[in-house]
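The structure appears right after this line, and notes come after that.
The values are calculated or read from the model by the stated rules, or taken from the named source; none is laboratory data. Keep in mind that this is a model prediction, so the values were computed, not measured. Because the Cβ atoms are built from the backbone with ideal geometry, glycine has one as well, and the counts that use them run over all protein chains shown.
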Amino acid sequence: MTVVLLIAIFAPIIDQNDPMKLDVQNRLSGLSSDNWFGTDQLGRSVFARTIHGTRLSVLVGFSVVGIAAGAGGTLGMIAGYDRRMDAIVMRVLDGVMAFPGLLLALALMAMLGSSVQNVVIAISVSATPSVARVMRSSVLSLRDRPYVEAARAAGAPTWRILLVHVAPNTLAPMTIQITFLLATAMLTEAGLSFIGVGVPPTVPSWGNMVSTGRTFQEIAPWTVLFPGSFLTLTVLAANLVGDGLRDRLDPRLRGKL
């Protein structure tokens, strides 16, 4: 995952070619010293587009994580601590979760229009309920602990109890959830772009690269192979990070390592 982040940060240095530059005379040309991953149907460098597509996936992934973790964590904490709010908040979130995540994001994109910002909003809305449920379950197991009861008896305000005594003890499950959410967000963005409702076609994205390249995959398999491989390896890396954090942070598994 560190390699992916470095590629995203230093993409303009790794490859200084314009990912949108057309070279029709060299369209669908194979791998060469000038074009390491070949070119697509418009003569654009697949390497440049793949590298710059990394920036988009990382941007969308971490933006979704930030929004969903903030909104879902807040809602889950309120629902888990306040029994009166629990029924209201969770019923609303259950209604949102009744829709499959990709279909909900697809419906939101149909209403909002195609842009990177709208992709982030659509995926964040569909991902927030799952984060809220994880936070709620953690808070439910913590709200009656002796140290929370002692803080409540000492007259500590609710916001202080949540921020000082409850929130720090939810970091382990929330960290694990966030890593898996990062992988899901990247995969969902690629899926939306693949079917043509994600980012605009002018923006390099692994999803729309695979979508446009599948027409030529028999004569130019590199147009699909490289962006698809980058997407697969990135999602796999994020999931492996999540598994590693779970093994390290879960006390039931810590002794088995």
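Worth pointing out:
- Scanning segment 105-140 for residues that are under 17 Å from Ser63 (Cα atoms), assigned to a helix (DSSP H, G or I) and of a type outside the set (A, V, I, L, M, F, W, C) yields Gln117, Asn118, Ser124, Ser126, Thr128, Pro129, Ser130.
- Subset of segment 75-88 that is touching a residue at least 24 places away in the same chain (Cβ under 8 Å) and of a type outside the set (Asp, Glu) - its residue that is surrounded by the fewest Cβ atoms within 10 Å (Cβ to Cβ): Tyr81
- Residues of segment 15-48 satisfying the condition of being aliphatic (A, V, I, L, M) and touching a Pro at 6+ places or on another chain (Cβ under 9 Å): Met20, Val46, Ala48
- Against the conditions (1) more than 30 Å from Ser138 (Cα to Cα); (2) of a type outside the set (Phe, Trp, Tyr); (3) part of a helix (DSSP H, G or I); (4) at pLDDT below 85, Leu102 satisfies every one except (1).
- Residues satisfying the stated conditions in segment 28-55, i.e. more than 18 Å from Trp206 (Cα to Cα), surrounded by 14 or more Cβ atoms within 10 Å (Cβ to Cβ) and out of contact with any strand residue (DSSP E or B) (no Cβ under 6 Å at 6 or more places or on another chain): Leu31
- Verdict on Ala132 being of a type in the set (Gly, Ala, Ser), under 21 Å from the mean Cα position of the chain (by Cα) and under 18 Å from Gly66 (Cβ atoms): yes
- Any hit, segment 65-85, residues being more than 30 Å from Ile14 (Cα to Cα), β-branched (Val, Ile, Thr) and at pLDDT 85 or above: yes
- Every condition in (1) closer than 30 Å to Leu233 by Cβ; (2) in contact (Cβ under 8 Å) with a residue 60 or more places away in the chain; (3) surrounded by fewer than 23 Cβ atoms within 10 Å (Cβ to Cβ) holds for Ile123 except the one numbered (3).
- Residue that is farthest from Leu106 (Cα to Cα) [pool: residues in segment 177-199 that are part of a helix (DSSP H, G or I) and among the small types (Gly, Ala, Ser)]: Ala183
- Scan of segment 2-31 for residues that are part of a loop (DSSP other than H, G, I, E, B) and either on the phi > 0 side of the Ramachandran plot or among the small types (Gly, Ala, Ser) (or both), ordered by number: Leu28, Ser29, Gly30
- Candidates are the residues of segment 197-210 that are free of Cβ contacts under 8 Å to residues at least 40 places away in the same chain and under 16 Å from Ser114 (Cα atoms); the one that is surrounded by the fewest Cβ atoms within 10 Å (Cβ to Cβ) is Pro201.
- Just one of the listed residues (Pro173, Pro168, Pro204) is in a helix (DSSP H, G or I) and in contact with a helix residue (DSSP H, G or I) (Cβ under 8 Å, 6 or more places away or on another chain), namely Pro173.
- Summed over segment 40-52, the residues that are outside any helix (DSSP H, G or I), in contact (Cβ under 8 Å) with a residue 60 or more places away in the chain and under 11 Å from Lys21 (Cβ atoms) give a count of 0.
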